[in-house]
Amino acid sequence: MSERGQISVAAVGAIAVVLLGAVLLGYLSMVAAGGGHAQRAADLAAVAAATRLAADPGATPAALRELAADSARRNGARLVSFDLVRDGPVPRAVDVAVALPVGGTVPVAGRQSHQVDARARAGVAYSASLPADSFRPIDLHGGRGPLAAVAAAEAQVGWPYVWGGESRAEGGFDCSGLVDYAYAAAGDPLPGRPTAADLWQDARPVTADELLPGDLAFVGTASGAPHHVGMYVGGGMMVVAPHTGADVRFEPLEAGGWDGFGRLFDGAPVAAGSDPAVEAAARAHQVPPHALAAELRLGLATDPDTAATALAAAMRRHPGDLAAALGDALGDGSAAALVLRSASGVGLHGFSGVVRLLPVAAAAVRAAAATAAPTADAGGPEPTGVLESGEKAVERGVEQSDHLGSRLSLQAAAGFKNLTRFGLTAAATFVPDPHLRDLSTLAGATWDGVESGLALTRGGVELAGPSLWATRLTTPLGIGFSALFAYQAWTARRRDDRIWYGAQAASSALTAAGAMTAGTDLIMLGAGSAEVPPVGAALMLAGVTILAAACVYRERHWLAAGAGRAAGAVAGAGRSLADALNPF
Amino acid sequence: MSERGQATIELVVCAGLAAIVAVGIQAVLVAWAAQGRAQGIADQAAVVVAEGRPVPADLRRDATIQVRAHTLVVTVPVRLAGGLAHTSAVARAALP
């Protein structure tokens, strides 16, 4: 071929390389943009569901899934999976996976469509604080009358006695203030602000044997104006605000020196009965039964006595602060918030949930879902340790947000890697120096060999995105080149050429055969991914090993000369260094 | 016309065409980059807004971020041809 003809071939080849590079770049940028959009859709879907979960921890997974699906759809994606992650009975996070169809026109290749997957996890940290301007609210479930008054009074166990006290502003109760508050909370407010003497006047006298929950017991009735009052709660126990320096507490009926008894309201009790085991544990350990019942109801505790012991110890460490005591006893602020919410009902205004995105790793998500589900089914209180505390969740959420932009950088790095490998192929084809061409081929073969070897150890390789399309392009070319190299080996006159072309034919055939083990997904353009099994990876590894060996064989003299020159240069440098360091 | 004059005219025309092509390519690249930036800001801002947090100042530095109903709209101004023309890149995200 003339020199001009060679230049023409080189020019056409260069243009082809540029076009192929443009195709790859176009495809990569399309996938990269799709990746960003898909992640955004996944993030927002997770946040949408988690926001509902924060407002309503009892929301059903179906309702949350619907919200996530709607959010994903409005951002152009499709919800693929949804998991509600629980830490014991406490809903902690939602995991979503979405798929976003990516379409675009790539230069030369034309219209392309692809599916980009993304996952996201949004965590929820709950918090609750009791109202600052009132005593502990309690969910009476619509109950009224004496039994509801008993529940309202029992909920205040632990509050300090304050003489004349009847409001939160005064810091506590006195004995008649507790009774007044309890009946008002139960929907039966007493007239005025009655003292113990007023209550004695208003009550219908009963005997000790006739006492029912909600009845009152008095001290000092002989004078006609008793100076102390308590509320009978059943089971031979009273709840009282005893005296200055003591807290509202349970006391045995016989220990109080009561000398008169009275009933404010007649008629059947209008409230659901409480759990006797919970009541007994609460009275034994001086803790508010409504909080204890909520712990058991939510599945955060199974044994009332054990839970009451822990809560009592925590209340001693946090006097007057039930929210802090619950957090201490349960070891988890979110669980404590849910207990307060369940125990307090609508009277609790300070309940809220904070939603933050959390770092997500596919394996971790799977593991979390796998470990969380059995725990939730068992209803036990054992924490899985999957998620951190609320503060940690916030920090990690900020990190996640900061890292959002770097995902594209990672995809760009993957694209750079693909382009580097492509550059080796281009160099092996178009570099004028035949030795450097073979060196580029050797480098490319080594690269492919390492990747194939790694794929073999991983049990195969999943082709997706650029790697799938590169394989789709190179496999038919490999078959064609295999035949061409075989012909060249057959017609070659020199032994070295026969070995070189034969090795290339075998390498191309083995690599193509390895890729073809991926099956029909390789040729179905609609498939977003293809799986090369271990046998395919082994065939590819064999192919590139043969090619690398052939490169070394063909360039053995050049490589040996180069190694000799390098060794000489190193020896010379060593001698120079020794001379420089030698003072003599 | 002399051969030299003909060559001069061809050179001037080619230089002009090259300049126009360069400006066009620059405009396309600037618009492409702005669109990518707008989309990136929308991706980050949408998540921050959905979480109920204020949008960080560095996201607002080069863009206007508005929330209309349940849609977050990011507008990034684009200067073309050295400021001779102006346009904007807009990206949207649907909020929960």
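Interface A-B: total buried accessible area of about 1500 Å², 1.4 Å probe, protein heavy atoms only. Within the shell defined by Cβ-Cβ distances under 10 Å, the residues around A:ALA489 carry a net charge of 0, with Lys and Arg each +1 and Asp and Glu each -1.
Computing the accessible area with a 1.4 Å probe over protein heavy atoms, can you report the carbon and sulfur percentage for chain B? Within chain B, the accessible surface is 64 percent carbon and sulfur.
Largest to smallest in accessible area, the residues A:HIS349, A:HIS435 fall in the order A:HIS349, A:HIS435 (1.4 Å probe, all protein chains included). Among residues other than A:PRO194 with Cβ under 9 Å from its Cβ, the summed charge is -2 (Lys and Arg +1, Asp and Glu -1). Taking amide H atoms as placed 1.01 Å from N in the peptide plane, the amide H of A:HIS228 lies under 5 Å from those of A:VAL219, each 5 or more residues away in sequence or on another chain. Backbone amide hydrogens, once placed in the peptide plane, bring A:VAL102 within less than 5 Å of A:HIS114, A:GLN115, A:VAL116, excluding anything fewer than 5 places away on its chain.
Report which residues of region B:66-96 become buried by 30 Å² or more of accessible surface when going from the isolated chain to the complete set of protein chains (1.4 Å probe; DNA, RNA and ligands ignored). At a threshold of 30 Å² (probe 1.4 Å), the residues of region B:66-96 that become less exposed are B:ALA94, B:PRO96. Note on A:ALA277 and A:ALA483: their simple-model spin labels are 8.0 nm apart, each label 7 Å out from Cα toward Cβ. The mean number of Cβ atoms from other chains found within 10 Å of a Cβ in peptide A:350-358 is 2, as a whole number.
In order along region A:477-489, the phi-based Karplus estimate (6.51 cos²θ - 1.76 cosθ + 1.60, θ = phi - 60°) of 3J(HN,Hα) comes to 4, x, 5, x, 5, 4, 5, 5, 5, 4, 5, 5, 5 Hz; Gly and Pro are listed as x. Surface calculation, 1.4 Å probe, protein heavy atoms: A:MET540 sits at approximately 30 Å² accessible.
Estimated at 0.36 nm per residue, the fully extended path between A:HIS557 and A:TRP163 surpasses their Cα-Cα distance by 131.3 nm. Counting, for every residue in A:71-80, the Cβ atoms of other protein chains within 10 Å of its Cβ and taking the mean gives 2. Computed from the C-beta positions of A:GLU254 and A:ARG193, the FRET efficiency with R₀ = 30 Å rounds to 0.50.
Computed from backbone phi, the HN-Hα couplings of region A:284-300 come to 5, 10, 6, 10, x, x, 5, 6, 5, 5, 5, 4, 5, 5, 7, x, 7 Hz, rounded to whole numbers (Karplus: 6.51 cos²θ - 1.76 cosθ + 1.60, θ = phi - 60°; Gly and Pro given as x). Per residue, region A:218-306 exposes 43 Å² of solvent-accessible protein surface, assessed with a 1.4 angstrom probe and all protein chains in place.
For an R0 of 35 angstrom, estimate the FRET efficiency from the Cβ-Cβ distance between A:THR302 and A:THR244 and round to the nearest 0.05.
In this case the efficiency is close to 0.35.
Angle check, please: helix B:3-50 long axis (alpha carbons) against the longest principal axis of chain B (alpha carbons), in degrees 0 to 90, nearest 10. Taking Cα atoms only, the helix is inclined about 0 degrees. Dipole magnitude for region A:197-262: computed about the Cα centre from +1 point charges on Lys and Arg Cβ and -1 point charges on Asp and Glu Cβ, it is near 100 debye. Each Cα pair under 8 Å and six or more residues apart adds its sequence gap; the mean of these over the residue count of chain B is a relative contact order of 28 percent.
Charges only on Cβ, +1 for Lys and Arg, -1 for Asp and Glu: so what's the dipole of chain B about the Cα centre, in debye to the nearest 20?
Numbers: 8 positive and 6 negative charges, 68 e Å.
The calculation lands at about 320 debye.
For region A:315-327, putting each phi into the Karplus relation 6.51 cos²θ - 1.76 cosθ + 1.60 with θ = phi - 60° gives couplings of 5, 5, 6, 10, x, x, 10, 5, 4, 5, 5, 5, x Hz, in residue order, rounded to whole numbers and with x for Gly and Pro. Distant-in-sequence amide contacts of B:THR71, defined by a placed amide H-H separation under 5 Å and a gap of 5 or more residues or a different chain, comprise B:LEU95. Binning the C-alpha pair distances of chain B at 5 Å intervals from 0 yields a P(r) profile of 2, 13, 18, 15, 10, 9, 7, 6, 5, 4, 4, 3, 2, 1, 0 %, listed from the shortest bin outward. In terms of accessible area, using a 1.4 Å probe and ignoring ligands and nucleic acids, A:PHE218, A:PHE265 rank largest first as A:PHE265, A:PHE218. Taking all protein chains as shown and a probe of 1.4 angstrom, A:ARG74 keeps an accessible surface of around 100 Å².
The values are calculated or read from the model by the stated rules, or taken from the named source; none is laboratory data. From a predicted model like this one, the values you see are computed outputs, not experimental measurements. Every residue, glycine among them, receives a Cβ derived from its backbone with ideal geometry; neighbour counts consider all protein chains shown. Accessible surface areas use protein heavy atoms only, side chains included; no ligands, DNA or RNA. Shrake-Rupley method; radii C 1.70, N 1.55, O 1.52, S 1.80 Å.
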